[in-house]
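The values are calculated or read from the model by the stated rules, or taken from the named source; none is laboratory data. Quick caveat: nothing in here was measured; it's all calculated off a predicted structure. With ideal geometry, Cβ positions are generated from the backbone for all residues, glycine too; neighbour counts draw on all protein chains shown.
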Amino acid sequence: MRLLRPVSFILPVVAAAIFLPHTGEVRADGSFIDHTDRGRFGRVRNSRAILPMREGRSPQIKIVQTPSEGGILENVPVKYRARFEKWKAEFVSTKFGKDLWEAYANNKEFVLRITVSGDRKHGAGTDDFEWDETGRLVGATITLGADLDDGFPNPIYYPVLNSLTSYTVSTGYAGRVLAAAKISHEFGHVRQIGNESMSLLETQSRLIPVYVSIFRENGLNPNDARLLAIESQIGGTPVGIWESREYSSEISAMLYLHERIGGEPRFCSVFNRIKQNLQTYAPRYEPRFGQHAEFEACGSGSRERSEGNPDTQAQ
């Protein structure tokens, strides 16, 4: 799955060669070929999906006046409107999603733009962040792919979204659940950037290109004293900052799924897959998920929920 990530910054391709787990290859043109892309319900759909990893950059700082007529602005092309309404209805069918949606819809001092684009295909991204003069985040844009209800991302940085490969229900709503989980992930990015210091983001935006340039020039040596000095100012390596944001946003997707499929027979298959993905690819992030009781809903076993959910029968 091609999940485009303008929300934080595009990964430096040279860093990908060293820091990324080897599930693919870095091509000469600077793109990373990911061999873990899967279609709906786990079938291999495209074994050469390209995950863009060009110049590293943090969110660009744009200062605007504090909105007075904000809320959620839906800019969805007519040809995508029907599917968007299904994804939205699935998202707000949970208290988690409904509370998030209403919080932004009723905030007149924040503009959240949501659009759907065929260019994004199965992925999504959050960008166009805006701050007011006090340093408060007051705007963002979420762009959803036109085929959001299909395609599973890599388990390495997306352990929750990838876990839905285990959600092999026979009814037709599984794709909508997948789309709503991706929407939850993007809302997580908006909240996350809103909680970060604009000053720090500005420093990252200024210094990450310098970091990448030095990294290329020094023969890909991560122990260069100049790089270590920059890391102390931006809060880590560019890749480390990026992945931290992705894993944190995956928690939003987990909370949505816990409420949405919590009573279904396949619930524990999904949540045990989340744990397996974390333990395999990112054990250092497991404690972050463990801060939420929902993460331990199935304990450490592999049992399945026996109680049914009306949705599994009626839809």
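Would you be able to tell me the number of residues in the stretch 105-127 that are buried (at least 21 other Cβ atoms within 10 Å of the Cβ) and more than 17 Å from the chain's Cα centre (by Cα)? I'd like the intermediate steps shown before the answer.
Taking the stretch 105-127 as the starting set, the residues that turn out to be buried (at least 21 other Cβ atoms within 10 Å of the Cβ) are 110, 112, 114, 116, 122-124, 126.
Those left that are additionally more than 17 Å from the chain's Cα centre (by Cα): 110.
Number of matching residues: 1.
Go through the stretch 202-222 and give me each residue that's part of a loop (DSSP other than H, G, I, E, B), farther than 16 Å from residue 232 by Cβ and of a type outside the set (S, T, N, Q). Outline the logic, then answer.
Taking the stretch 202-222 first, the residues part of a loop (DSSP other than H, G, I, E, B) are 218-222.
Keeping just the survivors that are farther than 16 Å from residue 232 by Cβ gives 218-221.
Matches in the stretch 202-222: 219, 220.
Give 72, 142 a once-over and let me know the one that is touching a Ser or Thr at 6+ places or on another chain (Cβ under 6 Å) and at pLDDT 95 or above. Steps first, please.
On the way: 72 fails: touching a Ser or Thr at 6+ places or on another chain (Cβ under 6 Å).
After ruling out the rest, the residue left standing is 142.
Conditions tested, residue by residue: (1) without any contact (Cβ under 8 Å) to a residue 12 or more places away in the chain; (2) out of contact with any His (no Cβ under 8 Å at 6 or more places or on another chain); (3) over 30 Å from residue 82 (Cα atoms).
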{"position": "154", "(1), (2), (3)": "no, yes, no"}
{"position": "161", "(1), (2), (3)": "no, no, no"}
{"position": "187", "(1), (2), (3)": "no, yes, no"}
{"position": "235", "(1), (2), (3)": "no, yes, yes"}
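Just name the residue that is surrounded by the fewest Cβ atoms within 10 Å (Cβ to Cβ) out of those in the stretch 262-283 that are more than 18 Å from the chain's Cα centre (by Cα) and among the charged types (D, E, K, R).
266
So which of 286, 259, 246, 250 ends up being in contact with a Lys or Arg (Cβ under 8 Å, 6 or more places away or on another chain) and buried (at least 17 other Cβ atoms within 10 Å of the Cβ)? Show your work before the answer.
Working: 286 fails: buried (at least 17 other Cβ atoms within 10 Å of the Cβ); 259 fails: buried (at least 17 other Cβ atoms within 10 Å of the Cβ); 250 fails: in contact with a Lys or Arg (Cβ under 8 Å, 6 or more places away or on another chain).
So the residue among 286, 259, 246, 250 that is in contact with a Lys or Arg (Cβ under 8 Å, 6 or more places away or on another chain) and buried (at least 17 other Cβ atoms within 10 Å of the Cβ) is 246.
Check 214, 183, 193 and return the single one that is surrounded by fewer than 23 Cβ atoms within 10 Å (Cβ to Cβ), at pLDDT 95 or above and either of a type in the set (Asp, Glu) or touching a strand residue (DSSP E or B) at 6+ places or on another chain (Cβ under 9 Å) (or both). Let's see the steps before the verdict.
On the way: 214 fails: either of a type in the set (Asp, Glu) or touching a strand residue (DSSP E or B) at 6+ places or on another chain (Cβ under 9 Å) (or both); 183 fails: surrounded by fewer than 23 Cβ atoms within 10 Å (Cβ to Cβ).
Criteria check complete, one pass: 193.
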